[in-house]
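So the structure is just underneath, and the comments pick up after that.
All of the numbers you see were taken from the coordinates with simple rules; none came from a lab. Not measured: the values here are computed from a predicted model. Here the Cβ positions follow ideal geometry from the backbone for every residue, glycine too, while neighbour counts run over all protein chains shown.
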Amino acid sequence: MKGLFRMMILCLATVPACGYFSIGARDNMQKGRGAEYNSSVITGTVVGAGGGPVMVLARPVEGGAAPPQDYVMLERPGPFMLYVPAGRYRLYSIRDYNGNGVFESTEVSGVCRSGGATAGIMAVEDDVWTGVVIREGAGAVGPLSPSFRLRHDRSALPCQPANGETARIYDERFCAANAEVGWWSPSTFMRAFGAAIYFTREYEPSKIPVLFVHGAQGSPQNWAYFLFRLDARRYQPWFYYYPSGIRLGLASRLLFEALKDLRKRFGFSAICITAHSMGGLITRDMLSRFDLKREGIDVKVYVTLASPWGGFESADRAFLFPSKRLPVWYDVTSASAFIDRALRAKLPQGVSYYLFYGTADGVAEGRALDERVYTGAKEKFAFDVDHEGILSDRRVFDKYREVLGRRR
């Protein structure tokens, strides 16, 4: 996490060029009573007969006169993920039919009929609406009002990945700059990448998936040391890539939906889960809040490394600066309701949990141990490493490899 929370306080108190001051309006929870901020997700698929760029637009049922804000542009019809404020929406697909490089209000290609043509879709705060289908050409749709024109660069359109897409660990989308955007401007990150699980190679049914979940300001690249040493004859590595600035309950729900989707498509039944830092909070919440076993997924081994179970005092201090507040800050304070809920709930019976922590961890500090957590662990292991060093230490990985071998 690169001393993120300490850096956060330093930025608050010093230069205005810091990312703190670039938090966008839709990522700021402190804009005054009645202000909108992105808090919920709508996922679905555009079904079309042809290729080419397409825009997915969510229009509020009420107050739809504002310029388009809630949209994503895709290279071609396929899966999409919209990160929006809570509210009721109608969803449309738009095509650049005249080829002028602009999506226009007169170029509606499809509409979602879920919930009825007039009722729309109700997006609830910290929740996910799944299974939306926009069928192009299904029913006549006139021009949208008010009119709009949004230019697109076909050569540079973000293409939100399909869940389970294959990518190399050093893919540009996983770079440190994008991971930082995921923290300070999660709405920008979601528009480009969404939140999904990536494979490093095509699915192999004979190998057990090992899911890696990064922490704040992280990406799959944080797991490079583990990836290159994982036994490729027995395991297949998967990576959950998400914007770490969103509410952790939303990140947890999106991970659950991603696993359900992969289970439906590939039929895997066993998995091992490994999480670093804040990723431990997300995965523990997912395991205790959602029933993976009911979905046919058996968690064989669960490992957390350097997770701040007691929150961060630096996040507490961030609330002394009331002008801007990222959604995730509410979930990582020492008085976080999210953390309290995640730790009060017990892990599912049969999950073999192991806790790894660093004695020189200056980020999680003494909060890497919490009685509510370690009493439920099969074993806990201490290493003379710091918060980031725990991900690249030979002794840590050797113990991790041993723990994986104990799976039921």
Worksheet entry | DSSP-defined antiparallel bridges as percent of all bridges, region 40-156, nearest 5 | 80 percent
Practice prompt. Taking 7 Å along the Cα-to-C-beta vector as the label spot, tell me the residue 30-residue 75 distance in nanometres, rounded to one decimal.
Written response: 4.0 nm
Worksheet entry | residue 263-residue 47 pseudo-label distance in nm [points 7 Å out on the Cα-to-Cβ vector] | 2.4 nm
Worksheet item: When you count, for each residue, the other Cβ atoms within 10 Å and take the mean per peptide, how do 284-290, 168-174, 54-60 rank with the highest first?
Response: 54-60, 284-290, 168-174
Worksheet item: If you take every DSSP beta bridge whose two residues both sit in the chain, what share of them, in percent to the nearest 5, is antiparallel?
Response: 50 percent
Item to complete: Mind ranking 78-85, 393-400 by how tightly packed they are, going by the mean number of other C-beta atoms within 10 angstrom, highest first?
Response: 78-85, 393-400
Worksheet item: Quick one: if the Förster radius is 22 Å, what FRET efficiency do residue 145 and residue 97 give, using the C-beta to C-beta distance and rounding to 0.05?
Response: 0.75
Fill in: Per-peptide average of other Cβ atoms within 10 Å, ordering 185-192, 205-212, 371-378 highest first
185-192, 205-212, 371-378
Worksheet entry | Antiparallel content of DSSP bridges confined to region 165-404, in %, to 5 | 10 percent
Worksheet entry | Residues listed by number, region 293-311, amide nitrogen under 17 Å from residue 395 label point at 7 Å toward C-beta | 305-306
Worksheet item: Where does the chain land at 222 nm, in deg cm²/dmol rounded to the nearest 500, when only DSSP H runs of n ≥ 4 count, each adding -39500 (n - 2.57), divided by all residues?
Response: -6500 deg cm²/dmol
Worksheet entry | Relative contact order (percent, whole number), the chain, Cα cutoff 8 Å, 6+ residue spacing | 15 percent
Worksheet item: Quick one: Karplus J couplings for region 374-380, per residue in order, coefficients 6.51, -1.76, 1.60, θ = phi - 60°, nearest Hz, x for Gly and Pro?
Response: 6, 5, x, 8, 4, 8, 10
Discussion item. Could you work out how much longer the chain between residue 61 and residue 349 gets when fully extended? Use 0.36 nm per residue separation minus the Cα distance between them, nm to one decimal.
Written reply: 99.3 nm
Worksheet entry | Mean-position separation - Cα centroids, region 323-341 and region 73-96, in angstrom | 29 Å
Practice prompt. Measure off 7 Å from each Cα along the Cα-to-Cβ vector at residue 202 and residue 162, then give the distance between these two points in nanometres to one decimal.
Written response: 1.3 nm
Worksheet, complete the sentence: Summed over the other residues with a beta carbon less than 9 angstrom from that of residue 166, with K and R at +1 and D and E at -1, the charge totals 0
Item to complete: Please give every one of the lysines within straight-line cross-link reach of residue 399, meaning a C-alpha to C-alpha distance under 24 Å, and leave out same-chain neighbours fewer than 8 residues apart.
Response: 2, 207, 300, 378, 380
